[in-house]
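Reviewing the structure listed below.
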Amino acid sequence: MSIPFLVDFSFINFRLIDVLDILIVAIIFFELYRLTKGTAAVKLFWLVFVFYVIWKLVGYFHFTLLSGLIGEIFSVGIIALMIIFQPEIRKFLLYLGNGKFLNFFTNKFGKQEDFNAYSNEILAVQEACSHMSKTKTGALIIFARQIPLDDFLQTGDPIDAYPSNELLENIFFKNSPLHDGAVIIKDHRIAAARCILPVSKNQNLPQEVGLRHRSALGSTEQTDAIAVVVSEQTGTISVCQDGKMTRDISPVELRQLLIVHLTKD
């Protein structure tokens with residue numbers, strides 16, 4: 001007995017390779033969105049995506065002239081976007097080249113291991129920043145994540161030491177020869193001090209934001225690093241990530257933000 005209201009999907013030829021194809025494209029788009037989220041590039045990302053879909057639909061319905069026109073605009077526009085958003089593209093390619101995009105599949109047990117690995121250095125940075133905030137000692141601490149910071153590390157003095165609040169406070173002591181520049185923590189070790197970072201060109205920052213804060217922001221615009229800043233003028237603590245700055249936070253809030261940012265996928 002046949003059931004007339006059932007729809008026949010036998011015309012759909014859906015293979016395992018098609019599932020894999022869709023999955024790979026979905027992961028790439030997810031990572032692109034995650035890396036551009038919160039930046040000016042995210043709107044352009046969606047604009048290009050929508051424009052591409054319209055282009056394909058126009059081609060599907062055989063609007064020859066319109067399809068050709070949109071295709072030419074799309075080709076030129078992609079080149080222009082590659083020039084304008086070179087830092088974001090570089091960040092994404094470095095992320096892929098480091099092979100860590102597969103962290104998308106990391107389970108909750110991996111996250112717990114990450115927290116245990118970072119717990120000591122998070123506590124050290126929290127205590128050091130708490131003390132330096134009270135004494136208005138300027139500091140800039142960078143946590144390296146997936147994207148390598150070799151270009152920044154080469155500008156500083158190598159240290160390779162276990163992170164502790166005493167060592168961090170000694171490095172940023174005003175009479176210390178290492179107090180200028182940034183400390184970079186890599187693989188749970190203080191890798192280098194006195195490192196030079198790229199300065200953010202963001203024109204929307206408040207006038208009171210100085211070079212130390214702009215350097216912190218610049219490093220997070222070009223990489224996935226986390227930057228912690230203590231202001232020499234006010235003693236306030238700030239955290240930068242993905243080109244965004246969270247200002248005037250307490251040591252407890254600092255610890256919470258570091259846990260969230262450093263242990264997430």
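The values are calculated or read from the model by the stated rules, or taken from the named source; none is laboratory data. This one's a predicted model, so the numbers in the text were calculated from it and none came from an experiment. Here Cβ is always computed from backbone atoms with ideal geometry, including for glycine, and neighbour counts include all displayed protein chains.
Among the residues of segment 143-200, just one is surrounded by fewer than 19 Cβ atoms within 10 Å (Cβ to Cβ), among the basic types (Lys, Arg) and assigned to a loop (DSSP other than H, G, I, E, B), namely Lys174.
This table checks each residue for (1) modelled with pLDDT of 80 or more; (2) over 17 Å from the mean Cα position of the chain (by Cα); (3) not acidic (Asp, Glu).
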| position | (1), (2), (3) |
| --- | --- |
| Ile84 | no, yes, yes |
| Phe101 | no, no, yes |
| Thr106 | no, yes, yes |
| Lys111 | no, yes, yes |
| Asn120 | yes, yes, yes |
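What about Leu167, is it farther than 24 Å from Lys244 by Cα, assigned by TED's automatic domain parsing to the domain that holds Ile249 and of a type outside the set (Ser, Thr, Tyr)? Answer is yes for this residue.
To keep it simple, each residue is scored yes or no on (1) surrounded by 21 or more Cβ atoms within 10 Å (Cβ to Cβ); (2) assigned by TED's automatic domain parsing to the domain that holds Ala117; (3) not in a strand (DSSP E or B).
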| position | (1), (2), (3) |
| --- | --- |
| Arg212 | yes, yes, yes |
| Ser219 | yes, yes, yes |
| Ala227 | yes, yes, no |
| Thr234 | no, yes, yes |
| Val239 | yes, yes, no |
| Asp248 | no, yes, no |
| Val252 | no, yes, yes |
| Leu257 | no, yes, yes |
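The residue of segment 174-217 that is modelled with the lowest pLDDT, among those that are on the phi < 0 side of the Ramachandran plot and basic (Lys, Arg), is Lys201.
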